[in-house]
Amino acid sequence: MTRDDKTGAKDTPPPLPEPLRVAVADSHTHLDMQAGTVEEGLAKAASVGVTTVVQVGCDVKGSRWAAETAAVHPNVHAAVALHPNEAPRIVHGDPDGWSRQGARTGGGEAALDEALAEIEALAALDHVKAVGETGLDYFRTGPEGMAAQERSFRAHIEIAKRQGKALVIHDRDAHADVLRVLREEGAPERTVFHCYSGDAAMARECAAAGYYMSFAGTVTFKNAAPLREALAVAPLELVLVETDAPYLTPAPYRGRPNAPYLIPLTVRAMAAVRGIDEDAMATALAANTARAFDY
Ligand SMILES: [Zn+2]
Ligand SMILES: [Zn+2]
């Protein structure tokens, strides 16, 4: 690395990786939080074999945007939800935080129900393929928000089942409770753990339940041995790949802006973990994502 690479490298987009020979999908991204236009982002991704993306909404406004974007781009599929960190903010009427919800009512459970009704209306649309990201996040939401979070999670599971859509799970430091709620509610036919963060034992549990496990750039991190052990034991037909961009940029560009065009780096790392060649890995990932989201 030259001195020039180092100065300002933090904001510099990583270079284009070598293209994949078999096209895959980024199963979870946030184009609305990335630099540049949607068209630029999609074109850059397609140039390296990432031809499809699932655009994930985190609040009502973001979910509307995801649905609108999917409506005009055939290779963009939408997922709609209130993020687990968003639900308590709606209930407790937190005016700041990361919500882009805009006008806010007095909060309370009625406000949550109102937002959930909007999510369900979006989930019914043809080009909306999933309900999520929903789940539990005990890292960013403290005990005071747990009840609202779980209530919202349960409601999203019901919406996914009623609308016949996939369920996209956000599980941060909450493995046992996420699995418990899914057991209690009965998981939808297609359930995806986005940015899978469990160990090999949990991967076996997910596999037994038929849950998909979507691996992000975290699987390339030096300190992520348990994640690679999970990937090694997961049934190949349940494995997906994602960026969760702009977050979780894969090695060796950790800390720099992430975008769907960086998926090949993660696919290659995953192929190495599984001991299969890149094309076989990509072929499985492409088929699995299409099956998981039914597109
Ligand atoms: Zn997430
Ligand atoms: Zn996400």
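The values are calculated or read from the model by the stated rules, or taken from the named source; none is laboratory data. Keep in mind that what you see is a predicted model, and the values were worked out from it rather than measured. In this analysis, Cβ positions are derived from the backbone assuming ideal geometry, glycine residues included, and neighbour counts consider all displayed protein chains.
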Sole residue being surrounded by fewer than 20 Cβ atoms within 10 Å (Cβ to Cβ), modelled with pLDDT of 95 or more and within 18 Å of the chain's Cα centre (by Cα), chosen from His170, His127: His127
Meets criteria (surrounded by fewer than 22 Cβ atoms within 10 Å (Cβ to Cβ) and either within 16 Å of ligand 2 (Cβ to nearest atom) or more than 19 Å from Val56 (Cβ to Cβ) (or both)) for Glu133: no
Residue list for the stretch 265-293, filter: of a type outside the set (A, V, I, L, M) and more than 17 Å from the chain's Cα centre (by Cα): Arg268, Arg274, Gly275, Asp277, Glu278, Asp279, Thr283
Every pair of residues 6+ apart whose Cβ atoms lie under 6 Å, when the first sits in the stretch 126-151 and is more than 24 Å from Ala66 (Cα to Cα) and among the aromatic types (Phe, Trp, Tyr) while the second is part of a strand (DSSP E or B) and within 14 Å of ligand 2 (Cβ to nearest atom): Phe139/Arg172
Unmet requirement for Asp26, which otherwise passes all of (1) of a type in the set (Asp, Glu); (2) more than 14 Å from ligand 2 (Cβ to nearest atom); (3) surrounded by 15 or more Cβ atoms within 10 Å (Cβ to Cβ): (2)
Selection count where residues are away from ligand 1 (no atom under 16 Å from the Cβ), crowded, with 19+ Cβ neighbours inside 10 Å and more than 21 Å from Gln34 (Cα to Cα), scope the stretch 229-266: 5
Some residue of the stretch 201-210 being touching a residue at least 40 places away in the same chain (Cβ under 8 Å), more than 12 Å from ligand 1 (Cβ to nearest atom) and closer than 18 Å to Ala130 by Cα: no
Selection from the stretch 191-226 of residues that are within 16 Å of ligand 2 (Cβ to nearest atom) and farther than 14 Å from His175 by Cα: Thr191, Tyr212, Ser214, Phe215, Ala216, Gly217, Thr218, Val219
Pair list, Cβ < 6 Å and 6+ apart or interchain, from the stretch 100-123 residues that are farther than 13 Å from Gly62 by Cα and among the aliphatic types (A, V, I, L, M) to residues that are surrounded by fewer than 18 Cβ atoms within 10 Å (Cβ to Cβ) and modelled with pLDDT under 95: Ala111/Thr105
Residue within the stretch 90-100 that is over 22 Å from Thr289 (Cα atoms), surrounded by 24 or more Cβ atoms within 10 Å (Cβ to Cβ) and modelled with pLDDT under 95 present: yes
Close pairs (7 angstrom Cβ cut-off, 6 or more residues apart or separate chains): within 16 Å of ligand 2 (Cβ to nearest atom) in the stretch 235-249, at pLDDT below 95 anywhere: Thr249/Gly255
Helices (runs of 4 or more DSSP H) wholly inside the stretch 2-78 that include at least 2 residues being modelled with pLDDT of 95 or more: 38-46, 60-72
Hits in the stretch 236-295 - residues which are polar (S, T, N, Q) and out of contact with any Asp or Glu (no Cβ under 7 Å at 6 or more places or on another chain): Thr249, Asn258, Thr266, Thr283, Thr289
Residue in the stretch 210-226 that is over 14 Å from the mean Cα position of the chain (by Cα), surrounded by fewer than 22 Cβ atoms within 10 Å (Cβ to Cβ) and among the aromatic types (Phe, Trp, Tyr) present: yes
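Within the stretch 139-182, which residues are charged (D, E, K, R), more than 16 Å from ligand 2 (Cβ to nearest atom) and under 29 Å from Leu125 (Cβ atoms)?
Within the stretch 139-182, Glu150, Arg151, Arg154, Glu158, Lys161, Arg162, Lys165 meet the criteria.
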